[in-house]
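Let me begin by presenting the structure, written as structure tokens, before commenting on it.
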Amino acid sequence: MNPQISIAKTAGFCFGVKRAVEMAYALAAEKVPACTYGELIHNPQVVEELREKGLPPVDSLDSCTGKTVLLRSHGVPAHVYQELENRGCKVIDATCPFVERIHKIVSQAQADETIIIAGDENHPEVKGIMSFCSGPYIVCNSRQDLENLVSYMEKNRTSRYILLAQTTFSVAEWQKYLEILEKVCTNLKIFDTICNATEKRQSEAQELAISNDLMLVVGGRHSSNTIKLAGVCKKYCKTFLLESPQELYGLPVSGYNKIGVTAGASTPARIIKEVHKTMSEIVKDQEELSFEEMLNQTFKTIDNREKVTAVVTGIAPNEISVDIGTKHAGYVPLNELTDDPNAKPEDLVKIGDELELMVVRVNDVEGTVMLSKKRLDAIAGFEKVMGAGDTGEILEGTVVEVIKGGLLALTNGVRVFIPASQATLSRSDSLDDLLKKKVEFKILEVNRQRKRAVGSIRAVLREQRKELEDQFWNDAEIGKKYTGTVKSLTSYGAFVNLGGVDGMIHISELSWSRIKHPSEVVNVGDTVEVYIRDIDHENKKISLGFKKAEENPWAIMSQKYQVGDVCKVKVVSLTPFGAFAQIIPGVDGLIHISQISMERINKPSDALQIGQEVDAKITELDIDRKRVSLSIKALLNEQATEEQAAPAAEEGAGSDGE
């Protein structure tokens, strides 16, 4: 049966990406000094082509100075527009219209409405959306985030919310959000901002995955919509995500009768066609190879799986030639030499090297024999992996594939299955983040007959975390300083990872000034200097301080001012009994209603208004109680006294002259 290959109708560029790419090529053709701010789209081939045409991506605003700057389809933070203008840049905005619609929605939200963004806060599109939020917002992208959000909304049932999504957000996940949040909150305004092309593409990918044995998802590994497509397909059949057709040669794609191909919104049509062509050639080669294998069984002179010693005689881009001491021309394909798809043969061996290899396939008709180093190493590696199950030895490997239910990690040539529950410390952590990463794990169980092993990254992480926790609690003391990383933000503070232990900076400890949300001071991923304010050893909780004592406005106040000083103050609020005026940022003083005017007034607004700057005299300064009393009336009295004294002084001076 000849394998069938089907391509999704909606695969490839969406409207927004196509528009951005067309604008980019038009700009490149103008041959003017230009660049894109960040990668235009999440496709390495397109980005590289634009670079070659004189339109490179830059990550620094300073690098844009004086150039024509094309803004990417994901959109950019609001401040970027003004900063580019300040640098004398001509701006061409390729932001997708669907993303611009979200910017408009969040920027027009009311002050008492909290915006909930379903999406990845580290994605460029979501970073841009957050910057257009004028009020409070919450980003939700995991099961844990959703649980935290539900808990928050249950405590704040009277609050108003706006729910929207990143344009490439998972349609299935969006439906879960709606089902859960609509039950929790009645003051929820919903905007379905998932791009129609995204929804259609995910739906078609699901249909293809259900009806095929293998799915090939083509697109950038940093592309959100491509990753979500792969996630949809993995639920129904074997799925591989690849950026280029060349990657197919290193993947186990043989033995499948029905193959489906889809692609992310940033993938050019030509790359999709190349993947289809390459896959067709691989299928054809497999059919021919199957015939050769049957024919060679009658002419075999050395045995398959036989171990031989070979000497390297030649090195080519995709294979090495070896001499095994027989009439056969021996060769080792690159994918039988190593599992690393980026490796080059010349970096692994040199002519004259002696290798232990295993015979894979003999072709006496053509006089060739294919050999493998990888498979022989796997046998030795298998024994090491089996032994680690008894000894508890920690093994190191590379995550080569994310599959349904977990990961596959390669160590010593052996693939070890790591269940999703054993892959990370938190179930909310993404498994895709581990792809191609080196990891350490323990072997939980082995099956020698089936040559299978089950491992746990989580067991190693727990041990490492326990060691760090023990060390931390042994050394921790109030006042001790640490450098940590901001892990998450809530409406009431920021959680900081101190290395094995998390501590919280309460919102009141983030700034000497009053702030509405921790994001006004710190962001997730920031490195911060903190100190321990309080320790709860029993409940294992740490309260952290962030504000610096030298920046304490009351300390500054005590150094710069004293009772009797006259200062210019700014009225910040009015009450029935007086006005509060800012002396320095963080310190407000009270001008009692009786101290505002020489004349009696009914209310402070009769003489003052918010934002007005006036001169006032400090009549009381209590640093310990953080209170300052001010008087405009005292100054007016002094001025009146001086004006009365002036004529008398002039008369006295005149009589002396006579």
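The values are calculated or read from the model by the stated rules, or taken from the named source; none is laboratory data. For clarity, every value in this text was computed on a predicted model and none was experimentally measured. With ideal geometry, Cβ positions are generated from the backbone for all residues, glycine too; neighbour counts draw on all protein chains shown. The area values use the complete protein model at the heavy-atom level, side chains included, leaving out ligands, DNA and RNA. Shrake-Rupley method; radii C 1.70, N 1.55, O 1.52, S 1.80 Å.
A few remarks follow.
- Just one of (1) open to solvent by 30 Å² or more (accessible area, probe 1.4 Å); (2) at pLDDT 90 or above fails for S134. It is (2).
- Test: residue in segment 504-517 that is touching a residue at least 60 places away in the same chain (Cβ under 8 Å), in a strand (DSSP E or B), surrounded by fewer than 17 Cβ atoms within 10 Å (Cβ to Cβ) and not small (G, A, S): no
- No other residue among G413, G397 is over 30 Å from D120 (Cβ atoms) and open to solvent by less than 40 Å² (accessible area, probe 1.4 Å) apart from G413.
- Screening segment 187-225 for residues that are over 21 Å from P245 (Cα atoms) and among the aliphatic types (A, V, I, L, M) and picking the one that is surrounded by the fewest Cβ atoms within 10 Å (Cβ to Cβ) gives I210.
- Answer residue from segment 316-330, given it is among the small types (G, A, S), within 21 Å of V365 (Cα to Cα) and at pLDDT 90 or above and is surrounded by the most Cβ atoms within 10 Å (Cβ to Cβ) among those: G330
- Taken as a whole, segment 543-555 holds no residue that is more than 30 Å from G484 (Cβ to Cβ) and not in a loop (DSSP other than H, G, I, E, B).
- Number of residues in segment 528-542 that are in contact with a strand residue (DSSP E or B) (Cβ under 7 Å, 6 or more places away or on another chain), of a type outside the set (A, V, I, L, M, F, W, C) and more than 14 Å from T483 (Cβ to Cβ): the value is 2.
- Residue list for segment 31-46, restricted to those being within 20 Å of V126 (Cβ to Cβ) and either open to solvent by less than 10 Å² (accessible area, probe 1.4 Å) or of a type outside the set (S, T, Y) (or both): T36, G38, E39, L40, I41, H42, N43
- Filter pass, A165 being in contact with a strand residue (DSSP E or B) (Cβ under 6 Å, 6 or more places away or on another chain) and either of a type in the set (K, R) or under 30 Å from T186 (Cα atoms) (or both): yes
- Flag if I5 is closer than 26 Å to Q206 by Cβ and more than 23 Å from the chain's Cα centre (by Cα): yes
- Put simply, of I271, I259, I282 the only residue that is part of a helix (DSSP H, G or I), touching a strand residue (DSSP E or B) at 6+ places or on another chain (Cβ under 8 Å) and of a type outside the set (S, T, Y) is I271.
- The set of residues in segment 537-575 being at pLDDT below 85 and either open to solvent by 50 Å² or more (accessible area, probe 1.4 Å) or of a type in the set (G, A, S) (or both) consists of H537, E538, N539, K540, K548, A549, E550, E551, A555, I556.
- Which numbered condition Y161 misses (of (1) open to solvent by 10 Å² or more (accessible area, probe 1.4 Å); (2) part of a strand (DSSP E or B); (3) closer than 30 Å to T114 by Cα): (1)
- Evaluating G455 against the criteria (1) within 26 Å of the chain's Cα centre (by Cα); (2) at pLDDT 90 or above leaves one unmet condition, (1).
- Just one residue in the set I515, I505 is under 28 Å from K626 (Cβ atoms) and at pLDDT 90 or above; that residue is I505.
- Residue in segment 428-439 that is closer than 30 Å to L149 by Cα, touching a Ser or Thr at 6+ places or on another chain (Cβ under 7 Å), outside any helix (DSSP H, G or I) and touching a residue at least 60 places away in the same chain (Cβ under 8 Å) present: yes
- Looking across segment 70-97 at every residue that is surrounded by fewer than 21 Cβ atoms within 10 Å (Cβ to Cβ) and closer than 20 Å to F191 by Cα, the one that is nearest to the chain's Cα centre (by Cα) is identified as T95.
- Within segment 606-632, the set of residues being without any contact (Cβ under 8 Å) to a residue 60 or more places away in the chain, open to solvent by 60 Å² or more (accessible area, probe 1.4 Å) and either touching a helix residue (DSSP H, G or I) at 6+ places or on another chain (Cβ under 7 Å) or assigned to a helix (DSSP H, G or I) (or both) comprises D606, D615, T619.
- Among the residues making up segment 440-463, those that are outside any strand (DSSP E or B) and either in contact with a Gly (Cβ under 8 Å, 6 or more places away or on another chain) or farther than 30 Å from C140 by Cβ (or both) are R448, Q449, R450, K451, E463.
- Evaluation of A109 against (1) touching a Pro at 6+ places or on another chain (Cβ under 7 Å); (2) surrounded by 19 or more Cβ atoms within 10 Å (Cβ to Cβ) (one fails), failing number: (1)
- Annotation note: Cβ proximity below 7 Å between a residue of segment 19-32 that is among the basic types (K, R) and a residue that is part of a loop (DSSP other than H, G, I, E, B) (sequence gap 6+ or interchain) occurs for R19/A94; K31/G54.
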